[in-house]
Amino acid sequence: MSPGPPPAPASRLSGQSFLVTGANSGIGRAMAEALAADGARVILAGRSEERMRPVLEEIRRRDPGSAVEFLHLDLAHLASVRRAAEAVLADGRPLDVLVNNAGVAGTNALSRDKFDLTYATNHIGPFLFTTLIRPVLVQAAQGRIVNVSSAAHLRAPPIDWSLLERRAARRRSGFQDYAVTKLMNVLHAKELARRLSGTRVTTYALHPGAVRSNIWRALPRPLQWVLKLFMLSNEAGAKTPLYCATAPELSTVSGRYYDKSREAPSNPLADDPTLAAELWARTEAAIASAGGS
């Protein structure tokens, strides 16, 4: 009797679970597709199940049996953030990696909690979500928190703390606002590393490259088209986030900043632990001002 076919090789990420925010398009979608193809369970978090459904269907078409699922999460609405976190904690299954990928630039709006929309989406919402689901990450064999920042943070001015306060009138957020929120992402990752010292959770911040993602959706369409002519594909932009989320050699380092899948210098402001601690305290105060803890 001839031997049967050799067993299929184990998928590289089989048994690991990832949660990716902003996964309906851009870098987040490219990451979710790559993680699922490598055998991971992937939770695709986003504001619209309708917009996420084609992404889930395409992943399942490419890789039948893929363990992918939708999580409703509107990072600009703190009540939605809390509901999503409660769902993750109540699920009972392990979560190995959180990728804080969702972001926006050039907005002219307020969040439902009356924060500037850029600051709400890029920093306040991810900060709260990370805080709330931290218990399940601490339980992982080697948990990771990956903040998708930007090289724009290198050009960020000193933080104007009034921009974390609730507002009565909307304003157009410009490049400096985007840069400051990306600086906040790096400060957040570094402060998390300090606060999670002694646990099995490691943290990373990174620049994905200038990518043709949906982050530019708030800009006028003609400007979007021009900018995207000079940008990377989403698949290329996903390489460094995937490296930070999965590379075995990073399991013993934490609180570092990466570019092109290599450690890189960050803005000197990001290396100030006093500033990072102040950002933490002021963000908690901002959330409390909107009726939450």
List every residue pair whose Cβ atoms lie under 8 Å apart, where the two residues are 6 or more positions apart in sequence or sit on different chains, the first residue falls within segment 49-66 and is touching a residue at least 24 places away in the same chain (Cβ under 8 Å), and the second residue, located anywhere, is among the basic types (Lys, Arg) and surrounded by 12 or more Cβ atoms within 10 Å (Cβ to Cβ).
Val55/Arg29; Ser66/Arg60
Within segment 161-180, can you find the residues that are open to solvent by less than 80 Å² (accessible area, probe 1.4 Å) and of a type in the set (Asp, Glu)?
Asp177
Of (1) touching a Leu at 6+ places or on another chain (Cβ under 9 Å); (2) over 25 Å from Gly198 (Cα atoms), Pro241 satisfies every one except (2)
Conditions (1) in contact with an Asp or Glu (Cβ under 9 Å, 6 or more places away or on another chain); (2) farther than 22 Å from Leu13 by Cβ; (3) modelled with pLDDT under 95: number failed by Val104:
(1)
For segment 95-113, pairs from a residue that is among the hydroxyl-bearing types (Ser, Thr, Tyr) to a residue that is in a loop (DSSP other than H, G, I, E, B) and crowded, with 24+ Cβ neighbours inside 10 Å, with Cβ under 8 Å and 6 or more apart or across chains, are Ser111/Ala76
Residue match in segment 20-30 (condition: in a helix (DSSP H, G or I), at pLDDT below 95 and touching a Pro at 6+ places or on another chain (Cβ under 8 Å))
yes
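The values are calculated or read from the model by the stated rules, or taken from the named source; none is laboratory data. Remember, predicted model here, so these are calculated numbers, not experimental data. Positions of Cβ are generated from backbone atoms using ideal geometry, with glycine treated the same way; all protein chains shown enter the neighbour counts. Surface accessibility is based on the protein's heavy atoms, side chains included, excluding ligands, DNA and RNA. Shrake-Rupley method; radii C 1.70, N 1.55, O 1.52, S 1.80 Å.
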